[in-house]
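Here's a structure for you.
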Amino acid sequence: MIIRNAHLSHFTSPLGVNLEIKSGESILLLGNSGCGKTSLLKAIAGFSDLQAGEIEAGDKRVAMLLQNPFHQIIMQLVHDELYFPLKNAGKSKEESESEVTKIASLLHIEHLLDRDISTLSFGETQLVMIAATCLTEADIYLMDEPTSHLDPPKIMIFYSCMKEMAKRGKSICITSQSPDEYCFNDTVWIMDDGVIKGRFSANECPEVFERYHIVLDSTLVNMRLKEIAQ
Amino acid sequence: MKILPFIYKISDTKELINALEIDLSASSCTAIMGSVGSGKSLLIKLLSDSHLREVGAFSEYLFCAYLSQDLTRLFTGNTPESILELYKDKRYTVGQYFDPMLFDQYAKKLEIDQLLDKNRRLAHYSEGERQRLGLCLAAAVKAPVTILDEPTTALNMAYRQILFEIIKEVQERSRVFIISHRLLDCIAVADHLIRMEDLNIAEHFSIEQIIEKEHILSYYSF
């Protein structure tokens, strides 16, 4: 997929660069609150129009996990929610069952399958909707802050699931407020006020973060722990 | 104010259990940590939801300023002006505790003052903008208890640091509870911590003791 000469709605400057999302690539999109991360994902998904430019998707299909997972729940029970995209795609019951079992195991949510979604915590709902998104027959997954309500072990489970999706050739674009997650991705895009300021490989990130004054949570945690110890 | 030993029946097979008596003095900041689904938000709901008081989980039920983790449910369809009108209305309990000048101060600190002037519908706000508005509202309610449930999920580091300063200010006049999956949020502001595990209060300890809690420190590192 190529995003060419794009200019997001409600922003004064254009994105600044042509962007390519390669097959099997995992991209982390970082930027301050209100900088346009969600707007960019929504434009790629076709939920909103660009002010200018175009998105060349060819025959690529896109699925998006919304920032607030409660906004995309359709069914009452977890297993019905997970079956929904498969049923919609015309898959057989046996095939669907096998796919639901696999994704539930990848995301460690087997124990939630029989639960009513309204009884789940925010984090559990987020995991269920990540699973539902992965069960769509899309080529590109747009994940808007998928780890915002997950604890660190669950964040690692999420990224191991994304790694599995990337192995299957899926492209993944993830937004996050946590730059610490760079190490789980191939590429990092840094965004500011509707403009992509730079695209870097994960290896370049430590140096780049210094240049852009991006501080890792882990650095501040260590500093604070030293302070407490004194 | 204390958390008392209690059992809260969630369903036929599930209970939220506490066996500890935990003192929550005035001007304290308590961080509630624990894995996804461990019962953190439910514990705090037992304090803030008047329907659940018969459980007897807390020794007192003081008025709570509350920032929910799901902001869109509260704000969809409203404008900042309409929300502020409600917060300022003295007929409601919240109106008796809300300080508009303090709200303006926090809005400036968290850089949403200019956004609020435009009075756009909150449906058009980004999640981070909505979260900053929710924080300003909760912090400007001078309530004896302030609950912040996952207040930093959509905030970048600069705003998180400002929030930490605001929490320190709020703590001077209120008992603050913060729930977060981020260790930094907990240890930056809390003076003591509660760890939930499988719907139980598993531990309660002071911030100084976090250094010895290797199981917690390793849990929170990638």
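The values are calculated or read from the model by the stated rules, or taken from the named source; none is laboratory data. In this text the structure is predicted, and so the values were computed from the model without any measurement. Neighbour counts run over all protein chains shown; Cβ positions are idealised from the backbone, glycine included. The accessibility values were calculated without ligands, DNA or RNA, using every heavy atom of the protein model including side chains. Shrake-Rupley method; radii C 1.70, N 1.55, O 1.52, S 1.80 Å.
Can you pull the percent of the stretch B:112-222's accessible area that's carbon plus sulfur, 1.4 Å probe, other chains left in place?
Carbon and sulfur atoms account for 46 percent of the accessible area of the stretch B:112-222.
I would also like to ask the following. Arrange the residues B:L20, B:L86 by how much accessible surface each exposes, largest first, with a 1.4 angstrom probe. Can you show the working numbers first?
Numbers: B:L20 65, B:L86 90 Å².
The ordering from most to least exposed comes out as B:L86, B:L20.
Ok, one more. Using amide H atoms built 1.01 Å from N in the peptide plane, name the residues 5+ places from B:I32, or on other chains, whose amide H lies under 5 Å from its own.
Result for B:I32 returns B:I178, B:I179, B:S180, B:I194.
Also, quick follow-up: Counting heavy atoms of the protein chains only and a 1.4 Å probe, report the per residue accessible area for chain A as a whole number of Å².
45
Once you sort the root eigenvalues of the Cα gyration tensor of the stretch B:33-96 as a ≥ b ≥ c, which label holds: rounded (a/c under 1.5), prolate (a/b larger than b/c) or oblate (the other case)? The partial results should precede the final answer.
Values: a/c = 3.22, a/b = 1.43, b/c = 2.24.
Oblate, because a/c is 1.5 or more while a/b does not exceed b/c.
Compute the accessible area of each residue in the stretch A:149-172 twice, once for its chain alone and once with every protein chain present, using a 1.4 Å probe on heavy atoms, and list those whose area falls by at least 40 Å².
A:H149, A:D151, A:P152
List the aspartates and glutamates whose alpha-carbon lies under 19 Å from that of B:K88, not counting same-chain residues fewer than 8 positions away?
B:D99, B:D104, B:D113, B:D117
Here's another thing I want to ask about it. With a 1.4 Å probe and every protein chain left in place, work out the accessible area per residue of the stretch B:159-222 in Å², rounded to a whole number.
39
Measure off 7 Å from each Cα along the Cα-to-Cβ vector at A:N203 and A:Q72, then give the distance between these two points in nanometres to one decimal.
So the two model labels end up 3.3 nm from each other.
May I ask you to list the lysines whose Cα is less than 21 Å away from that of B:K9, ignoring any residue fewer than eight positions away on the same chain?
B:K40, B:K45
Can I ask one more? For B:K88 and A:A57, what is the calculated FRET efficiency with R₀ set at 51 Å and r taken between the beta-carbons, to the nearest 0.05?
For R0 = 51 Å, the calculated efficiency reads 0.60.
Carbon and sulfur atoms: what percent of the 1.4 Å accessible area of the stretch A:144-211 do they account for?
Whole-percent figure for carbon plus sulfur exposure: 45.
Which shape class, rounded, prolate or oblate, goes with the stretch B:178-222 when its Cα gyration tensor gives a ≥ b ≥ c as root eigenvalues, a/c under 1.5 marks rounded, and past that a/b bigger than b/c marks prolate?
Rounded, since a/c falls under 1.5.
Report, by chain and number, residues whose modeled amide H sits under 5 Å from the one on B:N156, excluding near sequence neighbours (fewer than 5 apart, same chain).
Placed amide hydrogens put A:S33 under 5 Å from B:N156.
Using a Förster distance of 41 angstrom, determine the FRET efficiency expected from the C-beta separation of A:K93 and B:I10, and round it to 0.05.
Approximately 0.80, to the nearest 0.05.
In whole percent, and with a 1.4 Å probe on the protein chains, what portion of the accessible area of the stretch A:64-138 is carbon and sulfur?
52
While we're looking at this one, here's another question. What residues does the stretch A:16-34 have that are buried by at least 50 Å² of accessible area in the full protein assembly compared to the chain on its own, 1.4 angstrom probe?
A:S33
Please report the net charge: other residues with Cβ closer than 9 Å to the Cβ of B:L184, K and R +1, D and E -1.
Within the 9 Å Cβ shell, the charges total +1.
Enter the buried accessible area of the A/B pair, total of both sides, probe 1.4 Å, in Å² rounded to the nearest 100.
Working: alone 11860 and 11100 Å², together 19980 Å².
For A against B, buried area totals roughly 3000 Å².
Is the C-alpha gyration tensor of the stretch A:104-230 telling us rounded, prolate or oblate? Criteria: a/c under 1.5 is rounded; beyond that, a/b larger than b/c is prolate, otherwise oblate.
It is oblate, given that a/c is not under 1.5 and a/b is not larger than b/c.
Give me a comma-separated list of calculated 3J(HN,Hα) values for the stretch B:96-104, in order, Karplus coefficients 6.51, -1.76, 1.60 applied at θ = phi - 60°, integers in Hz, x for any Gly or Pro.
My calculation for the stretch B:96-104 gives 6, 9, 7, 10, x, 5, 5, 4, 4 Hz in order.
Which residues of the stretch B:179-210 end up with at least 30 Å² less accessible area in the presence of all protein chains than when their chain stands alone, using a 1.4 Å probe?
B:H181, B:R182, B:L184, B:I187
Could you name the lysines in cross-link range of A:K37, using Cα to Cα under 26 Å and dropping any fewer than eight places away on the same chain?
Hits, sequence-local ones excluded: A:K22, A:K60, A:K154, A:K163, A:K167, A:K170, A:K197, B:K108, B:K109, B:K118.
Accessible area of B:T153, 1.4 Å probe, to the nearest 10 Å²?
Number for this one is 10 Å².
What list of whole percents do you get for P(r) of chain A, with Cα-Cα distances grouped in 10 Å bins up to the one holding the largest distance?
8, 31, 34, 20, 6, 1, 0
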